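Encoded as structure tokens, the structure appears first; notes follow it.
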Amino acid sequence: MFISVIIPTYRPQNYLWECLSSLGGQTMSHDDFEIIIVLNGCCEPYNTQIKEWLSTQKSLNVNYIQIDRGGVSNARNLALDVAKGDYITFIDDDDFVSPTYLEELYNNATPQVVSLCYPLSFLDGTTEYRPYLITKDYEKNISLGVCDYKKAKKFFSGPVYKLIHKSIIGERRFDLNFKNGEDSIFMFLISDRMEKISFTSRNAIYYRRVRENSATTLDRSLMAVAKNSFAMIVSYWKIYMKRPRSYDFGFFFTRILGSIRTILCELF
């Protein structure tokens, strides 16, 4: 098994079928990748709906898990524990990918090289695709070929858009103490084993759906934002100080600045 595709989902809507259908249309052989779906924090009617959809997709290798405990981090950790692939990629359940996504990511990755795709976004309910927050990093660095991972720091604020060898992740897991910012903490945690990055062509696309009332767009109070950001700074600091020679100080510093910037943006 070359790739494990991890998809956590909670009370999924019809967009989950679009996500899964995009994986069913991959140019990579279905024998070469598995899909791990973790339905977390809910059961019916979603459990039955997912099982019914999967019953029509006999060619896909799917490991479907339903758990009562909620939380995207818990779902991802559980999937990592059972993943069989040499490489790991994460996809959010409301996003989808282009047909060559997995094949190009795999062809550009090695145990030392994390491969990155071409990211685009779209407003929910539309088909107008446009650059996303990190698309500029892709455009700026695609001509470099294999380069230092810090050239595309914005790609490493979260686990999607990329293919990571399992040896880089190892035993490390998402921090269950966070409901916001856990993605960035996880990526920093595993950065000590990252060396290089490589970019796919523009044909390997991750389509990010922008939705109202999603976890990334819901407003939070200033106090909640400040408390979470300070907790993230402490977490970064603890990770860095355990093995300061293993982590890049510049990358560590940008994570701290990012947390401070989040608070300042709320203030001003």
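What accessible area per residue, rounded to a whole number of Å², is obtained for the range 8-142 using a probe radius of 1.4 Å? Mind showing how you got there, number by number?
Numbers: 6020 Å² over 135 residues.
Result: 45 Å² per residue.
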Query - Estimated vicinal HN-Hα couplings, Hz - the range 22-32 in sequence order (Karplus 6.51, -1.76, 1.60; Gly, Pro = x) - result: 5, 6, x, x, 6, 6, 5, 4, 5, 6, 9
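Multiplying the sequence separation of ALA226 and LYS58 by 0.36 nm and subtracting their Cα-Cα distance, what value in nm do you get?
55.7 nm
In the structure displayed, which of LYS140/LYS166; LYS51/LYS166; LYS153/LYS238; LYS51/LYS179; LYS140/LYS242; LYS84/LYS136 lie more than 24 Å apart, Cα to Cα? Don't jump to the answer; show the numbers that get you there.
Values: LYS140/LYS166 27 Å; LYS51/LYS166 28 Å; LYS153/LYS238 20 Å; LYS51/LYS179 28 Å; LYS140/LYS242 33 Å; LYS84/LYS136 33 Å.
Over 24 Å Cα-Cα: LYS140/LYS166; LYS51/LYS166; LYS51/LYS179; LYS140/LYS242; LYS84/LYS136.
Longest segment of the chain with no trypsin sites (Lys or Arg not before Pro) in a DSSP loop having at most 10 other Cβ atoms within 10 Å? It would help to have the intermediate numbers written out before the result.
On the way: sites that count: LYS58, ARG69, ARG245.
After excluding every exposed loop site, the longest remaining stretch is 70-244.
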Requested in this report: Determine the share of the range 69-145's accessible area contributed by carbon and sulfur atoms, expressed in whole percent, with a 1.4 angstrom probe.
Outcome: 51 percent
Report task. Would you work out which of GLY25, VAL146, ILE88 lies farthest towards the positive end of the dipole of the chain? Charges go on Cβ: Lys and Arg +1, Asp and Glu -1. Result -> VAL146
**Report entry** Rounded to the nearest 20 debye, dipole of the range 59-123 from Cβ charges on Lys, Arg, Asp, Glu
**Finding:** 180 debye
**Report entry** Most mobile listed residue (ILE36, ILE197, ILE256) in the chain, GNM with C-alpha springs under 10 Å
**Finding:** ILE256
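Expressed in nm², what is the orientationally averaged projection area of the convex hull enclosing the Cα positions of the chain?
Taking a quarter of the hull surface, the average projection is 13.9 nm².
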Report task. Report the longest stretch of the chain that contains none of the GluC sites (Glu not before Pro) sitting in a DSSP loop with at most 16 other Cβ atoms within 10 Å. Result -> 1-127
Report summary line: With only helices counted (DSSP H, runs n ≥ 4, each -39500 (n - 2.57)), the per-residue ellipticity at 222 nm for the chain, to the nearest 500, works out to -11000 deg cm²/dmol
**Report entry** Pairwise label distance in nanometres, ARG202 with VAL82, each label 7 Å out on the Cα-Cβ vector
**Finding:** 4.0 nm
Report summary line: Computed on Cα atoms, the radius of gyration and Dmax of the range 110-171 in angstrom are 13.3, 39
Query raised in the report: Out of THR89, THR135, THR254, any idea which swings most in a Gaussian network model of the chain, alpha carbons joined below 10 Å?
Result: THR254
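The values are calculated or read from the model by the stated rules, or taken from the named source; none is laboratory data. Predicted model, so just to flag it, every value in this text is computed and none were measured. Note that each Cβ is placed from the backbone with ideal geometry, even for glycine, and that neighbours are counted across all protein chains shown. All accessible areas refer to the heavy atoms of the entire protein, side chains included, with ligands and DNA or RNA removed. Shrake-Rupley method; radii C 1.70, N 1.55, O 1.52, S 1.80 Å.
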